[in-house]
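Structure first, then comments.
The values are calculated or read from the model by the stated rules, or taken from the named source; none is laboratory data. Only a predicted model underlies this, so the values are computations on that prediction, with no experimental measurement involved. Here the Cβ positions follow ideal geometry from the backbone for every residue, glycine too, while neighbour counts run over all protein chains shown. Each accessible area value is taken on the protein alone, full model and side chains, heavy atoms only, with ligands, DNA and RNA left out. Shrake-Rupley method; radii C 1.70, N 1.55, O 1.52, S 1.80 Å.
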Amino acid sequence: MSRRKSQNSVKLILQSKSINEGFARAAVAAFVAQLDPTIGEMADLKTAVSEAVTNCIVHAYGGESGEIYISCEYDASRKVTVRIKDKGVGIKNVSEARRPLFTTAPEAERSGMGFTIMESFCDKVSVKSKIGKGTAVTLVKQLKHIK
Ligand code: ATP
Ligand code: MG
């Protein structure tokens, strides 16, 4: 957070419960609404946040209790950065996990498209993970300039 010059930021800590996924989406949307984004930009960000938060609930904590840390910020150029972090199981091979259709939970009817969706709806997605320590996903979206 301190690396970039942010104009505004918020942080949230959520319990890893699927009921909180909608809250995370709505909270990020309410924060980003301050920038008056287009409906499309807003929908893209909400979808990407949902995928990342769902991954924390389903994979990182596997239905067990845990905390999800979300930080959102934007800068003067209207670049929005959302970081979704967990202290769950971690990802063994991040580049493999990011591949379309890769999933470790096919039996749970997961399609392995979460990271692909995040990538297609954001300008940049970075993933840092350590086995047994957790995962941090950073979503960056540059909003269009007004007028
Ligand atoms: P879908 O998102 O389509 O329901 P999925 O969650 O399996 O399926 P992705 O979101 O692309 O697909 O994630 C790919 C894989 O990366 C997951 O199956 C899981 O093994 C791993 N993964 C993703 N996020 C996390 C996380 N926060 N902690 C641990 N493992 C993760
Ligand atoms: Mg997923």
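Couple of notes before you dig in:
- Residue within region 68-87 that is more than 11 Å from ligand 2 (Cβ to nearest atom), surrounded by 17 or more Cβ atoms within 10 Å (Cβ to Cβ) and among the acidic types (Asp, Glu) present: yes
- Filter pass, Glu96 being among the acidic types (Asp, Glu), crowded, with 16+ Cβ neighbours inside 10 Å, more than 19 Å from Ala33 (Cα to Cα) and within 15 Å of ligand 2 (Cβ to nearest atom): no
- Members of region 1-22 found to be more than 16 Å from Asp75 (Cα to Cα) and open to solvent by less than 60 Å² (accessible area, probe 1.4 Å), listed by number: Leu12, Leu14, Ser16, Asn20, Glu21, Gly22
- Verdict on Val49 being buried (at least 19 other Cβ atoms within 10 Å of the Cβ), within 14 Å of ligand 2 (Cβ to nearest atom), at negative phi and free of Cβ contacts under 8 Å to residues at least 40 places away in the same chain: no
- Filtered residue count, region 23-46, keeping only those that are within 16 Å of ligand 1 (Cβ to nearest atom) and surrounded by fewer than 16 Cβ atoms within 10 Å (Cβ to Cβ): 0
- Residue in region 47-55 that is of a type in the set (Ser, Thr, Tyr) and either over 13 Å from the mean Cα position of the chain (by Cα) or farther than 21 Å from Ile131 by Cβ (or both) present: yes
- Tally of residues being open to solvent by less than 30 Å² (accessible area, probe 1.4 Å) and acidic (Asp, Glu) across region 52-67: 0
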